[in-house]
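Working notes, structure below.
Please treat every number below as a calculation from the coordinates, not as lab data. This one's a predicted model, so the numbers in the text were calculated from it and none came from an experiment. As a convention, Cβ positions derive from the backbone with ideal geometry for all residues, glycine included, and neighbour counts pool all protein chains shown.
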Amino acid sequence: MRQKRLLIVATRMRAKLFLAVPLIFSVACKPPTPTVQMDSVVSWLATAGMAGDAWLRHTTPDKYTRQTLELSHDTLLQISDGLLKSLPAGIDTASLDSVLTRSRGHIAQMARLVEAKNSPAFLSQLDSLRDDQRIVKQFSDSVESKQ
């Protein structure tokens, strides 16, 4: 009798799990909201900035810094494509696209300057990236307020 009861309980648990798995996958596969995408953009810009700071202080190897900058560039490009299509009304997508393109350009140039070991030019690009990062943060705040 006890085994039969355990078998019934186990069968019910499997049935619930069987029903829950598709639900979990459908929730997990939802595209990120513009707010989440903007947060990711701000985060990747900060990552590039921190990698740049560390390189200027000579606390990270050139290869690591370059790879981090390249990953930041590529990830920003990937996020930007989806983000610009899903922004809420009232957000100036052309201006955001411009600042994101400019930011990716700064990051790409920083990666090249790491290879050339050109700290003064690198610092100039890093400063420009920080200016862009402040602008993107303002866009991020606007997107969040419209959600």
### Under-5 Å amide H pairs with ILE91, H placed in peptide plane, nonlocal only
none
### Restraint check, LYS85/LYS137; LYS63/LYS137; LYS63/LYS117, Cα-Cα greater than 20 Å
LYS63/LYS137
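Using packing as a proxy for protection, rank 46-56, 83-93 so that the peptide with the highest average count of other Cβ atoms within 10 Å comes first. Present the calculation step by step, with values, prior to reporting the outcome.
On the way: 46-56: 19.5, 83-93: 13.7.
The packing order, highest mean first, is 46-56, 83-93.
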### Query
If you plug each phi of the stretch 96-111 into the Karplus form 6.51 cos²θ - 1.76 cosθ + 1.60 with θ = phi - 60°, what whole-Hz ³J(HN,Hα) values come out, in order, with x for Gly and Pro?
5, 4, 4, 5, 5, 5, 5, 4, 4, x, 4, 5, 4, 5, 4, 4
### Net length gained if the chain between ALA121 and GLN78 were fully extended (0.36 nm per residue, minus Cα distance)
12.8 nm
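Could you calculate the FRET efficiency of ARG102 with SER145 from 1/(1 + (r/R0)^6), where r is the beta carbon distance between them and R0 is 22 Å, rounded to 0.05? Present the calculation step by step, with values, prior to reporting the outcome.
Numbers: r = 24 Å, r/R0 = 1.08.
With R0 = 22 Å, the Cβ-Cβ based efficiency is 0.40.
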